[in-house]
Every structure is written in structure tokens, then in C-alpha cells.
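The structure under discussion appears below in the form of C-alpha cells.
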Amino acid sequence: MELDERKKKILQAVIRNYLETGEPVGSRTISKYTDLNLSSATIRNEMADLEEMGYILQPHTSAGRIPSDKGYRFYVDAMMEEKNREVVEMNELLVQRQDKMETLLKQVARVLAQNTQYATMISAPQTKRNKLKFIQLSKVDEEQLLAVIVIEGNVIKNNILSVQEELTDETILKLNILLNTNLNGLTIDEINLGIISRMKQQAGTHGAIVGEVIDAVAEAIRAEEDLEIYTSGTNNIFRYPELADQQRASELINTFEEKQLLGELLQETTAGNGAETTGIQVYIGEETPVHSMKDCSVVTATYELGDGMKGTIGIVGPKRMDYDKVVGTLRTIQTQLDELYRKKDND
């Protein structure tokens, strides 16, 4: 007798419930865990078939069932096959999307510099307070685990973890369930010592692995919060006599090359400072928070790509810049990025 879809779903429900509670599972409990809308009597008959086929066991009379080694093997193989497929597909999609986004933003910076004849900058979109979406542990070899960490914005980070002993597929499965049950949907600030302590206790002898995974999650989220900035048209600064003084020009060019101060400026714009309603912020001379730009005007615009993903575009030029043209150009870019993103999502 082969497992039909109904038996597969009931078996999966028995195993998931047993993994969560450690207690034998009865038919009434299973009726709440499946989408089959079956009576307890029907589920009892199916569970009897599963027991006869060797997928579940009844530890003693009048008790519920627990998974057998054969049941665990079916569950682990099916789950790992599904999760591996999901991760491979997501990895391919996101790498392609990330490459396209980087190319697009660099092109936007170049076009802005050419059209305005000013220096331009654009930050890659970020999600504020990134949340963890999914973790998958899988075996690389006897001494290594691969931790695939997916965070908000569908960004994937891969980490190799060393282990002191070879872990069975069943143990890895239980760790995956433990990690995802407790951590999914949390920001790094919300993963507190209480949660970590409870998880390590539940993991028992594998508590150290849980600690390493949480460290990897924190590293992945913080790395994603680092700001990536693309610039273009720095040499346009020399077109304007008031900025072409050797010392001033050198300071401005260093600012564009080092990018740290640019990051602070762009993050300030993204955070608000009057830009939330219009999306446009204009800094004139001394209003500019970057010292090397005190003789400049800086116009910035915030763009959004959905799911809380925001970035900032900035144009730096002399105080006598063509404000109408600059603001109009930034509004056009905002609209085009928004339309492009919506089109991609609808494809």
C-alpha cells in the first residue's frame, strides 16, 4: 500500500505535533491539524493503516501514536526535498534581482550626473528594523552545517557552522523547527536573552548550535543594514569656480570616495526631517550636515520599493544650482523607480 495524499497529511500532522509536544498524538488532535475536514473516526482508520504500514507506533494501549523511524525518514526526506527546492529557487531569483538592482542604481546615478551636470549619489534600498523570515539548517558533511538565513526583503545569507559531532537528519529537523518556531518574524532587538535561554534549554545538548545560529542571524541582519552607496559625476564639481578651489574640491571628492558621511546624510533623509510628506529635502549651504558641503546645495529624494524598502537619491552642486530642474528630475526618477518595481511585481 502506498501513501496517498490524505495519509501523507495525517502522517505529517502526527510528526509535527509529536515534535512540538513530545506526547503521543490522538485522532482528535490530528483533526485540528489537517485541512481535510475529516472525522476522528476516519482519522483513526487512516492512522491504523499508517501503523500497519510501519510509519507510526502505539507505545501502549489506549495511547496516541508516535512516529517510527520509517515515519521520521519519510518526513525528513519530504521536508528536506521541499525546503532545498525552495531555497535554490529563491537564491537564483534573488541573486538575479540583486544584480539587476545594483546595475539599475548605478545607471540612475550616471544618468542623473549627465542630465544635471552635478555630482550624484544613490543608496541601495534598505528595510528598517529587518526581521527574520526563515532559517534552514542542512548538513554539508560530518563536521559542518549550512545555515541559510532569509531576512525581510527576501535577502539570503549563507553561513557555515562547525559542529563537534555528526548530527542526524532527525536532529537537524528538530533544530529547524525550534529555530523557526521561536525566531521567525522577529527583529534582532526582539531576540532577547529570555528567548535565547529558553531555546538553548529546549535544544538540550545542541544548545551551542542554537547560539551559533542566533549569532549568524544577528550578523546577517546587521550586514544588511550597512548602507551601499553608488556615486557618479564627481568631476562635475570642477565645472563651478566656487567649488573648484583645490582644497574645497579635494574635500568634496574625498567625501564622495569615502562615502561614510554621504551615508549619514542619506540616512538622515530617509528617516524624515521634513521629507516624509514630499519625499524631497533641500539643504542649502550651512544647512547641510556634511562639513565639506557647506558651500554646496544638496537635494535629496526618498524612493520606496514596497515591503518597507527605502533608499535615497541625492544631487550635490553649487548654491546656484537649477533647483527647478533638479527637483523635477528627482520626482521623475522617484516615479520611474516606483513604476518599475510595480511592473516587476506584476510580471
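Every read-out reported here was derived from the displayed coordinates using simple, explicitly stated rules and does not represent laboratory data. Nothing here was measured: the structure is a model prediction, and the numbers come from that model. Because the Cβ atoms are built from the backbone with ideal geometry, glycine has one as well, and the counts that use them run over all protein chains shown.
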Can you tell me, using C-alpha contacts under 8 Å and at least 6 residues apart, the relative contact order of the range 5-67 as a whole percent? 40
Just rank F238, F74, fewest to most, by other beta-carbon atoms within 10 angstrom. F238, F74
Considering the zone a paramagnetic label at K70 would reach in this model (a point 7 Å from Cα along the Cα-to-Cβ line), which residues of the range 49-64 have amide N under 20 Å from it? 49-61, 64
Peptides ranked, highest mean first, by Cβ atoms within 10 Å: ranges 192-201, 140-149: 140-149, 192-201
For a footprinting-style exposure proxy, rank E264, E5 by other Cβ within 10 Å, fewest first. E5, E264
In nm, to one decimal, how far is the modelled label at A218 from the one at L3, with both set 7 Å along Cα→Cβ? 3.8
Past 20 Å, Cα to Cα: identify those pairs from K131/K174; K8/K157; K259/K294, in the order given. K131/K174; K8/K157
Expected unfolding gain across R198-T168 under the 0.36 nm per residue rule, minus the alpha-carbon gap, is 8.6 nm
For 156-167, 36-47, 107-118, 9-20, ranked highest to lowest by mean beta-carbon neighbours within 10 Å, the order is 9-20, 107-118, 36-47, 156-167
